[in-house]
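Chemist: Here it is: the structure, laid out below.
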Amino acid sequence: MTHAAEKLNIITSFSILADITKAIGGDAIDVTSLVEPDADVHHFEPRPQDIKNLLEADLVIVNSLGFEPWLDRVKPTTKKTPLWVVASDGVTPLPFDHHDHANHNASEGEAVDPHAWQNVKNARLYAKNMVTALINSDPTHRALYLENLARYDRELERLDQEIRNAIEAIPSSKRKIVTSHDAFGYFEKAYGLKMFAPLGVGREAQPSAKDMAQVIRQIYNDAIPAIFLETAIDTRLAEQLASETEVKIGGTLYADTLSQKNCPAGTYITMMETNIKTLTNALDP
Ligand SMILES: [Zn+2]
């Protein structure tokens, strides 16, 4: 911060981090997300203006875990490096190929699944990491940040329980779905809803024929009751799966991005609640 009266200028890589940061920082900070809501984070290309904004930021908050490969190209160009904060610090990462997809070869063996925020316990960790970073950069607002964290953490704790209750209410034989890309591994592990996807965690452009065949087999063998679309992903793949297997489309899930502010998934909490409503409506109508 240049002057004590100025707000902390924070840039986050994607919209979910911006929302959690705002919940903690309130009016004491200005936060902008590089990747805007409803946009594709996996295949983002930073524009010259983004790099300029990064240079001027006090803090840059990133997910890491391999979620933002494009940041590696941006980071070395910054001379006055802003403070780089890894929101996922301390998360127990899931292996990249938790579904044993055929396209995950040995060279990817050490990669991890970046979508840690799909377990609310991890989001609580994100919030704590952000508070530490905010207090370090702006100790004058320490009390405000801690107060906001306490309130937000209670909301997240309630959200975690709400998701648990909602999944438990779905008949156990129906707790399995297909989505577009493998973004829900943490959700699956935390809340016990099995999720399969033709696209991997890194969201390649097209699934291999082998992966498509494997998912179709899975749909028949496990009698998967519904296939879900995802925001910011071409819907044709899921629609093709649905028509080939005659399984219904259950709705649209939010994986990697919030929606614009006036839409139902404008915050991390409402995003998770919207997903739960969509799942419940389709699986336990
Ligand atoms: Zn993703």
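Chemist: Calculate the dipole size of the chain relative to its Cα centre from +1 charges on Lys and Arg beta carbons and -1 charges on Asp and Glu beta carbons; express the result in debye to the nearest 20.
Modeler: Details: 28 positive and 40 negative charges, 78 e Å.
Computed charge dipole of the chain: roughly 380 debye.
Chemist: Take the residue pairs Lys128/Lys277; Lys75/Lys261; Lys248/Lys277; Lys128/Lys176 and return only those whose Cα atoms are more than 21 Å apart.
Modeler: Working: Lys128/Lys277 27 Å; Lys75/Lys261 29 Å; Lys248/Lys277 16 Å; Lys128/Lys176 32 Å.
Long pairs (Cα-Cα over 21 Å): Lys128/Lys277; Lys75/Lys261; Lys128/Lys176.
Chemist: Something else now. Taking amide H positions as placed in the peptide plane 1.01 Å from N, state which residues far from Ser33 in sequence (5 or more) or on other chains have amide H under 5 Å from it.
Modeler: It is Thr12, by chain and number.
Chemist: Amide H to amide H under 5 Å from Lys176: which residues, 5+ apart in sequence or cross-chain, H placed 1.01 Å off N in plane?
Modeler: Lys194
Chemist: Of Leu144, Tyr126, Pro225, which is farthest along the charge dipole of the chain in the positive direction, counting Lys and Arg as +1 and Asp and Glu as -1 at C-beta?
Modeler: The one lying farthest along the dipole's positive direction is Leu144.
Chemist: Show me, for region 31-41, the HN-Hα J-couplings you get by feeding each phi into the Karplus relation (A = 6.51, B = -1.76, C = 1.60, θ = phi - 60°), rounded to Hz, glycine and proline as x.
Modeler: Each residue of region 31-41 in turn: 10, 10, 9, 4, 8, 6, x, 6, 9, 8, 6 Hz.
Chemist: Placing +1 on the Cβ of each Lys and Arg and -1 on the Cβ of each Asp and Glu in the chain, which of Phe187, Gln161, Thr267 has its Cα farthest towards the positive end of the resulting dipole?
Modeler: Gln161
Chemist: Okay, helix-only estimate at 222 nm for the chain: each DSSP H run of n ≥ 4 adds -39500 (n - 2.57), divide by all residues, round to 500 deg cm²/dmol; what do you get?
Modeler: Details: 9 runs with 116 residues, N = 285.
-13000 deg cm²/dmol, from helical runs alone.
Chemist: Calculate log10 I(q)/I(0) of region 171-283 for q = 0.22 Å⁻¹, where I(q) comes from the Debye formula with a single equal point scatterer on each Cα and nothing for solvent.
Modeler: Relative scattering, expressed as log10 I(q)/I(0), comes to -1.32.
Chemist: Can I ask one more? Residue-wise, which Karplus ³J(HN,Hα) couplings in Hz belong to region 63-75, taking 6.51 cos²θ - 1.76 cosθ + 1.60, θ = phi - 60°, and x for glycine or proline?
Modeler: After applying 6.51 cos²θ - 1.76 cosθ + 1.60, I find 6, 6, 6, x, 6, 10, x, 5, 5, 4, 7, 8, 3 Hz.
Chemist: Quick one: grab the alpha carbon gyration tensor of region 8-156, order the square roots of its eigenvalues as a ≥ b ≥ c, and give me rounded if a/c is under 1.5, else prolate or oblate depending on whether a/b is larger than b/c. Walk me through the intermediate numbers first.
Modeler: On the way: a/c = 2.13, a/b = 1.30, b/c = 1.64.
Judged from the Cα gyration tensor, region 8-156 comes out oblate (a/c at least 1.5, b/c at or above a/b).
Chemist: Give, as a single signed number, the net charge of other residues whose beta carbon lies under 13 Å from the beta carbon of Ala223, with Lys and Arg counted +1 and Asp and Glu -1. Walk me through the intermediate numbers first.
Modeler: Details: positive: Lys174, Arg175, Lys176, Lys194, Arg217, Lys248; negative: Asp222, Glu246.
So the surrounding residues net to +4.
Chemist: Continuing with this model, one more query. With no solvent and one point per C-alpha, what does the Debye sum give as log10 I(q)/I(0) for region 162-211 at q = 0.16, 0.17, 0.20, 0.21 Å⁻¹?
Modeler: Normalising to I(0) and taking log10 leaves -0.50, -0.55, -0.69, -0.74.
Chemist: Give me the one-decimal nm value for the distance between modelled label points at Lys52 and Ser173, 7 Å along each residue's Cα-to-Cβ direction.
Modeler: 6.1
Chemist: Would you mind checking which residues have amide H under 5 Å from Phe44's amide H? H placed 1.01 Å from N; only 5 or more apart, or other chain.
Modeler: Hits under the 5 Å cutoff: none.
Chemist: Oh, and also: Using the C-alpha atoms of the chain, what convex hull volume per residue, in cubic angstrom, is computed? Spell out each step's value before the answer.
Modeler: Details: hull volume 35.7 nm³, N = 285.
Value for the chain: 125 Å³ per residue.
Rule-based calculations on the coordinates, nothing more; no lab input. Values in this document were obtained by computation on a predicted structure and should not be read as measured data. Don't worry about glycine lacking a Cβ; one is built from the backbone with ideal geometry, like all the others, and counts go over all protein chains shown.
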